[in-house]
1. Which one of these is assigned to a helix (DSSP H, G or I), polar (S, T, N, Q) and either closer than 15 Å to Tyr112 by Cα or in contact with a His (Cβ under 6 Å, 6 or more places away or on another chain) (or both): Asn152, Asn170?
2. Being over 17 Å from Glu115 (Cβ atoms) and not in a loop (DSSP other than H, G, I, E, B) is the filter here, so list the residues in the range 127-141 that pass it.
3. Yes or no: the range 200-210 includes at least one residue that is open to solvent by 20 Å² or more (accessible area, probe 1.4 Å), in contact with a helix residue (DSSP H, G or I) (Cβ under 7 Å, 6 or more places away or on another chain), within 15 Å of Glu109 (Cα to Cα) and outside any helix (DSSP H, G or I).
4. From Ile103, Ile76, which residue is modelled with pLDDT under 75 and either surrounded by fewer than 15 Cβ atoms within 10 Å (Cβ to Cβ) or of a type in the set (Ser, Thr, Tyr) (or both)?
5. Within the range 160-190, track down each residue that is under 15 Å from Leu139 (Cα atoms) and touching a residue at least 40 places away in the same chain (Cβ under 8 Å).
Amino acid sequence: MAPPLPPPLARLITTCPPSALALAAVRATVPTTATPVVVPPPSKSASATLGRREGLAAACFAALTLSLSRPASAAILEADDDEELLERVKKDRKKRLQRQGVISSSDKEKGYLQELIYTLSKVGQALENDDLTAASSFLGPSTNADWVKNVNAAFAKLSTSPEEKTEVDNFNSSLTSLFRSVGDRDIESSKLAFVSSASALEKWVGFAGLVGQLKGL
């Protein structure tokens, strides 16, 4: 028994007139050296109808020919695409497992990040009350404070992608502005710098795969 036709070809066959299918079958079996038979032209009254039928038949025959002559290279390319996709899936899974392993072994670093969230929360509450003195006490004297160093150590261990490293840079830039603005007693600039710092941290947490593992965000 012949194998079933692929769906596109099967649909095409059902839409073609029998004459087109017959023509395709005949052309597939008759030798190319056969002597052509000269058929008298149809009358003018039938030429329009025949023209339409012949046009449809020719279109269907061409489509059938194209479908039947589909190169084997197309199937090979599809197989290559499948293999490439499978390889990407394997690599992504490997990276994800490696990431999970790093996160699982980084309890100390996650503790540093949790301390950062608590510190920023207190600073934010102070700024909301326009209390720059309290905000300064929570931040510390400068970006050389121990909690800032610890946070950057955590960033260094847990940041692997370009997106994560970009957000680390954004966070540190905003945090420096926050220290400066609080020291200058500029409440509006301090609030803007705080929002930028918190936003960069939140994006980094998402990129790093730590969503749900840190409280307070």
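The values are calculated or read from the model by the stated rules, or taken from the named source; none is laboratory data. Just so it is clear, the model here is predicted, and its values are computed rather than measured. When we count neighbours, we look across all protein chains shown, and the Cβ atoms used for this are built from the backbone with ideal geometry, even at glycine. Please note that ligands, DNA and RNA were not included when accessible areas were found on the heavy atoms of the full protein model with its side chains. Shrake-Rupley method; radii C 1.70, N 1.55, O 1.52, S 1.80 Å.
1. Asn152
2. Matches in the range 127-141: Leu127, Glu128, Leu132, Thr133, Ala134, Ser136.
3. Taking every residue of the range 200-210 in turn, at least one turns out to be open to solvent by 20 Å² or more (accessible area, probe 1.4 Å), in contact with a helix residue (DSSP H, G or I) (Cβ under 7 Å, 6 or more places away or on another chain), within 15 Å of Glu109 (Cα to Cα) and outside any helix (DSSP H, G or I).
4. So the residue among Ile103, Ile76 that is modelled with pLDDT under 75 and either surrounded by fewer than 15 Cβ atoms within 10 Å (Cβ to Cβ) or of a type in the set (Ser, Thr, Tyr) (or both) is Ile76.
5. Of everything in the range 160-190, those that are under 15 Å from Leu139 (Cα atoms) and touching a residue at least 40 places away in the same chain (Cβ under 8 Å) turn out to be Leu178, Phe179, Val182, Gly183, Arg185, Ile187, Ser190.
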